[in-house]
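No value in this document is a laboratory result; all are computed from the given coordinates. Just so you know, these numbers come straight off a predicted model, no measurement behind them. As a convention, Cβ positions derive from the backbone with ideal geometry for all residues, glycine included, and neighbour counts pool all protein chains shown.
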Amino acid sequence: MKMRFFSTILAFLFIFSSCKEGGNQVQSPELTDSNAPLHLLAPAYLIPYGIPSEESIKEVLDRMWVYLDEETPTQVIDRTTEEAITDFSLIDQNSTLRRGAFRLDSYEWGVAYAGMTLIGEITGDKKYSDYTTRRLGFLAELAPIFMQFIDQRPAQLRAMNRPRSLDDSGSMCAAFIKASYQEGAPDYSAIIHNYMDWIMNGQMRLSDGTLARDRPQLNTLWLDDMFMSIPALAWMGKYTGEVKYYDEAVKQIRQFAQRMFVYEQGLFMHGWVEGMRKHPAFFWGRANGWAIMTLVEVLEVLPETHPGFKFVLDLYQQHIDGLSALQSGEGLWHQLLDRNDSYLETSASAIYVYCIARGINRGWLDAVSYGPVATLGWNAVSLQVNELGQVTNTCVGTGMGFDPAFYYYRPVNVFAAHGYGPVLLAGGEMISLLKNLYPKMNDSAVQYYSHEIDIDRPIFEVAR
């Protein structure tokens, strides 16, 4: 990765190297406070430290695009012969989608579609937005065809046609709503309303209307479900113009936060079970990622005149403060955020980079305070993308546990789909951040400025 590293070039670099005099090796003098500016010595960082270039970020994203385009084919095949079916009128009960490494209609891929679209908008590289348009159009065309075979096993596009959970519905619903605003988009309204019907009327709820599950215990709240429902509700408000969807989104945030946000730490616990006297507060990284991304998604579309806007913004800022304080020196965040002996995890870290950078770009966060957090995070996240374009060190799908070992020992896998969308979003938003502001190294540290600094000195004062 090409980085604009801070250079510690000094006029007297000769003291760092040895020289030959009369055939004898002359050793450099010991560096001391009196013969060298020790504060400019290069630290032994474990990750690249400095300001990434837009080009270096795009190179990582391009690598991912090549891999994901190959591993998410848009093709129907005969289940027996594996021959491609190009005439969709010939689809029958023996037809199936050609498999790649990832599913086209999963909640994780709803995030990937958002990331691809964002990168296309920011960079102008049409292959990214086309990635989303092509696959959502493919799904929309096939869904009614496969509906006639919905009762067969395994059913194709069952989650689209007959959702049975928030995982099935919320993320993809939001993806289709966003895609509907693209020029020339087909009519996705039937798909959108089908998903929304499950969120509003199908999913179980507590007595006060909070979206809940009956696993692993009766009347359980999963922090993950904030993302699996609330962004779609808020976007439905924009899509339909009906205030009831905004109201429902804010209501759900309030009721999740009342039970699960620990204000003293600025973090959400992963699970809450009705009737438990004491709720074990495990601050799982990715679940906190889903929560903070929920707040970002809602702030993106909730009118500032809505009575819940300030509450959502305040909660977002408190959560960002809690998360920022727990970033590791290596730039990533831990699997259990407040337990430094748990492993460093990619998907959560990428989500935080995206949500912090988006907050700065939208004016919800101060660039001086949070820009270096996002930059350090991206530098670390980018190293988790291998030469094939796979995202490494991503925790696999994870239920809810009530002991630390459950979280500590969750496997990581390059085929855990949860990592791809967040890294795409983080990269796209970081490019936007670099376009909007003027980061520069000053006294060996990443600093963010609102105007261009035309100074080449390693240490400088800012003109008033």
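Please report, in Å, the Rg and the Dmax of the chain, where both are computed over Cα atoms only.
My reading of the Cα-based Rg and Dmax gives 24.7, 90 Å.
Taking only the Cα atoms of segment 348-464, how large is their convex hull per residue, in Å³?
146
Sort all Cα-Cα distances of segment 386-438 into consecutive 10 angstrom bins from zero, then give the percent of pairs in each bin up to the one containing the longest distance.
Cα pair-distance distribution for segment 386-438, in percent: 22, 35, 27, 14, 2.
Between residue 386 and residue 101, what length in nm is gained on full extension when 0.36 nm per residue of separation is reduced by their alpha carbon distance?
Computed gain between residue 386 and residue 101 is 101.0 nm.
What's the long-distance tail for segment 34-114, i.e. % of Cα pairs beyond 18 Å?
When all Cα pairs of segment 34-114 are counted, 66 percent exceed 18 Å.
Quick check on segment 225-299: what does the Kirkwood estimate of hydrodynamic radius come out to from the alpha carbon pairs, in Å?
Taking the inverse mean of 1/r over all distinct Cα pairs, segment 225-299 comes out at 13.0 Å.
What number, in nm² with one decimal, is the all-direction average of the projected area of the convex hull of the alpha-carbon atoms of segment 314-409?
7.0
Based on a Kirkwood Rh over C-alpha pairs, give the Stokes-Einstein translational diffusion coefficient of segment 91-248 at 4 °C and viscosity 1.567 mPa s in µm²/s.
Estimated diffusion coefficient is 79 µm²/s.
For residue 90 paired with residue 366, estimate the spin-label separation in nm (one decimal), with each label point 7 Å from Cα along the Cα-to-Cβ line.
6.5
Can you give the FRET efficiency for residue 457 and residue 325, using 1/(1 + (r/R0)^6), R0 = 41 Å, r = Cβ-Cβ distance, to the nearest 0.05?
FRET efficiency, residue 457 to residue 325: 0.85.
How big is the gap, in Å, between the Cα center of segment 342-363 and the Cα center of segment 117-154?
After rounding, the separation between the Cα centres reads 26 Å.
Distance between Cα centroids, segment 214-229 to segment 286-325: provide it in whole Å.
Between the Cα centre of segment 214-229 and that of segment 286-325, the gap is 19 Å.
Using r as the Cβ-Cβ distance of residue 435 and residue 314, and R0 as 35 Å, what FRET efficiency do you calculate, to the nearest 0.05?
The computed FRET efficiency comes out at 0.80.
Listing 444, 382, 450, 34 from the residue with the fewest other Cβ atoms within 10 Å to the one with the most, what is the order?
With the fewest neighbours first, 444, 382, 450, 34 line up as 34, 450, 444, 382.
Applying 1/(1 + (r/R0)^6) with R0 = 45 Å to the Cβ-Cβ distance of residue 164 and residue 340, what FRET efficiency is obtained, to the nearest 0.05?
According to the calculation, E is roughly 0.70.
Beyond 15 Å, what share of the Cα-Cα pairs of segment 70-169 remains, rounded to the nearest whole percent?
Of all Cα-Cα distances in segment 70-169, 64 percent exceed 15 Å.
Give the aspartates and glutamates reachable from residue 435 as a straight Cα distance under 17 Å; neighbours fewer than 8 places away on the same chain don't count.
Residue 435 reaches 54, 55, 59, 121, 125, 366, 452, 454.
Subtracting the Cα-Cα distance from 0.36 nm times the residue separation, let me have the gained length for residue 47 to residue 81 in nm, one decimal.
Gain in length upon complete extension: 7.4 nm.
For segment 217-355, compute Rh as the Kirkwood radius over C-alpha pairs and then the Stokes-Einstein diffusion coefficient at 20 °C and 1.002 mPa s; write the answer in µm²/s, rounded to an integer.
D = 140 µm²/s.
Could you pull out every whole DSSP H run in the chain that spans at least 18 Å of Cα extent along its own axis and averages 0.5 or higher on the Kyte-Doolittle scale?
107-123, 166-179, 285-301, 346-361, 367-382, 420-436
Fully extended, how many nm does the chain gain between residue 70 and residue 207 (0.36 nm per residue separation, minus their Cα-Cα distance)?
Full extension from residue 70 to residue 207 adds 44.7 nm.
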